[in-house]
Amino acid sequence: MSTSRSFRPALTMGASRSWWRGWRGAACFSLGGLIVALALWTDRPNVRYAEYPHQCRMIFVQEGVVDLAVIGSSRSMRVFQADLLADVVADIHGFRPVIHDLSRAYRDPGHMLPFVKDAAKHHAIRTLLVEFKETGEQWRHPHFERNGTIVDIVTAYQSRPSVDPVLRLRDVVRDLLDRIVYRATSWLTDDLGKDCSDRPPAPTATTDSSKPWVIDASLIKKIQQKQDKPFDQKPLYRVDLEAAEEERNLHYMRRFSAFAKEQQIELFFYYIPPLFGRPLAPDVVRAFEERFDAPLLQLDAADLATLNPLGFTDGTHMGWPAAKRYMNYLADALPWKQRNSEQ
């Protein structure tokens, strides 16, 4: 009898522990499922492109062949004018091309690549123009984790091999968690807005909130006063393609090159200097073109000399006179005649 009495509590305690383990397991499984579901939900176009409705509609709503797709930073947004370039090409080559300007603010080709990959899934892109710019102080886009796919976030682990693997893994985990929390919060507070992938087509426009044609004269004057040499006496600009700080930048240049070959898209890069910035040195251009197997386009020193300072709106961005000059240059430099003959 005593043995039986002492055995029942043991059975009860064991059953309790078994129930507790089962409850915890189910809770963990449910939580894991919720996290996976949230992560997959954040890969939807209307979520990833919440901040970029124009690009979203160009990519997911518009249909047909794209003669030229362009992607870059705010420098590209200012100088590249799709309608102006289409007008010039029509005058010179006799047809009006379809041009999608996917450029957006801030540098980082890791942030740019998902836009182009999405566009290529929904359009036959004939030519791709990608802005190349040195890394500077910013090595990644501040919203990289919001706009790329989950795969883009995970594969970014490979973009900076000189960084300790543990720190790179930490960045990936943090980006995934930040993305889920930010997007879930936006949904709960109704900040995501309407589905940008299910709306009428949009014109080739970008979402730069600044006033692109307003010249900041006082800033330009300050920068001009700091120039220690006349423009034509300054050395040509150089980017160290072997520098560790450029490794993410160049990692994605390689991925752009590989993607363009895979999709049979003709690839061009282009460089846009800041105010009083000189063109890239010829040996840097040659090394870049050999490494990425694509031309690197830029205005020459004579053209830039005529645009400094009145062709700029501030210390970084070109204005309307430079845009007109650059679009005329691209109308000649890009393969419009060849593409037109194939139509």
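Within segment 273-290, track down each residue that is in contact (Cβ under 8 Å) with a residue 60 or more places away in the chain and open to solvent by 10 Å² or more (accessible area, probe 1.4 Å). Working first, answer last.
Of segment 273-290, the ones in contact (Cβ under 8 Å) with a residue 60 or more places away in the chain are 274, 288.
Within segment 273-290, PRO274 is the sole residue that qualifies.
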Only one of PHE268, PHE259 that is within 26 Å of ASP152 (Cα to Cα), buried (at least 17 other Cβ atoms within 10 Å of the Cβ), in contact with a Pro (Cβ under 7 Å, 6 or more places away or on another chain) and at pLDDT 95 or above = PHE268
May I ask you to list pairs of residues, at least six apart or on different chains, whose Cβ atoms are under 6 Å apart, with the first in segment 302-316 being over 13 Å from LEU219 (Cα atoms) and the second being part of a loop (DSSP other than H, G, I, E, B) and among the aromatic types (Phe, Trp, Tyr)?
-> ASN308/PHE276
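So, of the residues in segment 228-255 that are among the basic types (Lys, Arg) and under 19 Å from ARG140 (Cβ atoms), which turns out to be least open to solvent (accessible area, probe 1.4 Å)? Reasoning before the result, please.
To start, the set of residues in segment 228-255 that are among the basic types (Lys, Arg) comprises 229, 234, 238, 248, 254-255.
Next, only the ones that are under 19 Å from ARG140 (Cβ atoms) stay: 248, 254-255.
Numbers: ARG248: 10, ARG254: 115, ARG255: 65 Å².
Among residues in segment 228-255 that are among the basic types (Lys, Arg) and under 19 Å from ARG140 (Cβ atoms), the one least open to solvent (accessible area, probe 1.4 Å) is ARG248.
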Quick one: ARG107 ticks every box in (1) open to solvent by 20 Å² or more (accessible area, probe 1.4 Å); (2) of a type outside the set (A, V, I, L, M, F, W, C); (3) more than 24 Å from ALA260 (Cα to Cα) bar one, so which box is it?
-> (3)
Positions within segment 57-70 being buried (at least 24 other Cβ atoms within 10 Å of the Cβ) and either without any contact (Cβ under 8 Å) to a residue 24 or more places away in the chain or out of contact with any Lys or Arg (no Cβ under 8 Å at 6 or more places or on another chain) (or both), in sequence order | MET58, ILE59, ALA69, VAL70
Here is a list of conditions, (1) at pLDDT 95 or above; (2) open to solvent by 20 Å² or more (accessible area, probe 1.4 Å); (3) in a helix (DSSP H, G or I), and PRO114 meets all of them except one; can you say which number that is?
-> (2)
Could you tell me whether any residue of segment 41-50 is within 27 Å of GLN158 (Cβ to Cβ), among the aromatic types (Phe, Trp, Tyr) and at pLDDT 95 or above?
-> no
Please enumerate the residues belonging to segment 291-325 that are of a type in the set (S, T, N, Q) and open to solvent by less than 10 Å² (accessible area, probe 1.4 Å).
-> THR313
If you check every pair at least six apart or on different chains, which have Cβ atoms under 7 Å apart with a residue in segment 233-248 that is within 22 Å of HIS111 (Cα to Cα) first and a residue that is at pLDDT below 90 and assigned to a loop (DSSP other than H, G, I, E, B) second?
-> GLU245/TRP139; ARG248/TRP139
How many residues, within segment 125-168, are touching a residue at least 60 places away in the same chain (Cβ under 8 Å) and either touching a Pro at 6+ places or on another chain (Cβ under 6 Å) or in a loop (DSSP other than H, G, I, E, B) (or both)?
-> 12
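The values are calculated or read from the model by the stated rules, or taken from the named source; none is laboratory data. Quick caveat, the model's predicted, so the values are computed rather than measured. Positions of Cβ are generated from backbone atoms using ideal geometry, with glycine treated the same way; all protein chains shown enter the neighbour counts. The protein model used for the area step is the full one, side chains on, heavy atoms only, and it has no ligands, DNA or RNA in it. Shrake-Rupley method; radii C 1.70, N 1.55, O 1.52, S 1.80 Å.
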